[in-house]
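The structure's right below; bear with me while I get my questions together.
The values are calculated or read from the model by the stated rules, or taken from the named source; none is laboratory data. Since the structure is predicted, the reported quantities are computational estimates derived from the model, not experimental observations. Here Cβ is always computed from backbone atoms with ideal geometry, including for glycine, and neighbour counts include all displayed protein chains.
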């Protein structure tokens with residue numbers, strides 16, 4: 001049948017690497033996602049923020065370099081890691097829900113009126129949950145294809161954006177920069193990503 005040609009719409013692989021009848025795998029789509037903030041601000045629930053999310057950057061991590069110069073060469077090892085800040089842009093709703101929740105979070109970090117800061121990180125840090133969804137809705141509940149649990153979050157910066165008489169269609173926005181301590185990734189089924197229980201290799205060889 002002509003439809004059988006659809007199974008060939010992918011990169012050809014060696015016979016021992018993949019099924020010859022397998023087509024291109026379905027990608028995750030950028031617009032199918034959900035962001036939930038747990039413990040942000042004071043007013044609950046925080047679902048009004050979830051409804052107003054426009055974009056969100058997934059966590060990214062980098063490792064410091066450790067160079068070991070030896071004789072005619074250099075061995076490179078991975079040093080301490082650091083997480084790059086996440087960014088999230090929200091529509092600033094006419095009801096003031098977004099402004100109130102973001103403002104409450106900023107006040108938890110620092111009382112701007114009294115110039116009094118929080119005693120410790122636990123007093124203001126929150127958790128962010130980012131989920132890539134499969135497109136389900138309504139009677140067909142969405143399935144999370146990927147979940148990032150981002151822990152120890154605080155707002156490193158908030159940009160309330162601008163107003164512009166020449167703009168007729170764009171909403172006002174609140175852009176948040178989120179700094180955090182750690183992030184764990186879970187994928188569908190039994191598979192997990194960052195944070196998985198992977199056995200560590202122990203070896204006496206420096207390059208092992």
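May I ask you to say which residue of 159, 164 is free of Cβ contacts under 8 Å to residues at least 24 places away in the same chain and farther than 29 Å from residue 82 by Cβ? Give the steps one after another, and end with the answer.
Values: 159 fails: farther than 29 Å from residue 82 by Cβ.
The match here is 164.
Just to verify a result, which residue in the stretch 153-168, among those that are outside any strand (DSSP E or B) and under 25 Å from residue 100 (Cβ atoms), is modelled with the highest pLDDT? Walk me through it before giving the result.
Let us first name the residues in the stretch 153-168 that are outside any strand (DSSP E or B), namely 160-168.
Then drop every residue that is not under 25 Å from residue 100 (Cβ atoms), which leaves 160-164, 167.
Details: 160: 97, 161: 94, 162: 94, 163: 94, 164: 93, 167: 89.
Here the answer is 160.
Can you spot a residue in the stretch 77-90 that is closer than 18 Å to residue 152 by Cα, more than 14 Å from the chain's Cα centre (by Cα) and in contact (Cβ under 8 Å) with a residue 40 or more places away in the chain?
no
Conditions first: (1) over 29 Å from residue 109 (Cβ atoms); (2) touching a strand residue (DSSP E or B) at 6+ places or on another chain (Cβ under 7 Å). Residue 195 passes all but one, so which condition is the exception?
So the condition that residue 195 fails would be (1).
Hey, another quick one. Restricting to the stretch 7-48, and then to whatever is at pLDDT below 85 and in a helix (DSSP H, G or I), can you tell me which residue is nearest to residue 137 (Cα to Cα)?
Kept after step one, since they are at pLDDT below 85, are these residues of the stretch 7-48: 7-25.
Going one step further and asking which of them are in a helix (DSSP H, G or I), we end up with 7-8.
Values: 7: 29, 8: 31 Å.
Result: 7.
Can you tell me which residue within the stretch 170-200, out of those that are modelled with pLDDT of 90 or more and assigned to a loop (DSSP other than H, G, I, E, B), is surrounded by the most Cβ atoms within 10 Å (Cβ to Cβ)?
Among those that are modelled with pLDDT of 90 or more and assigned to a loop (DSSP other than H, G, I, E, B), it is 180.
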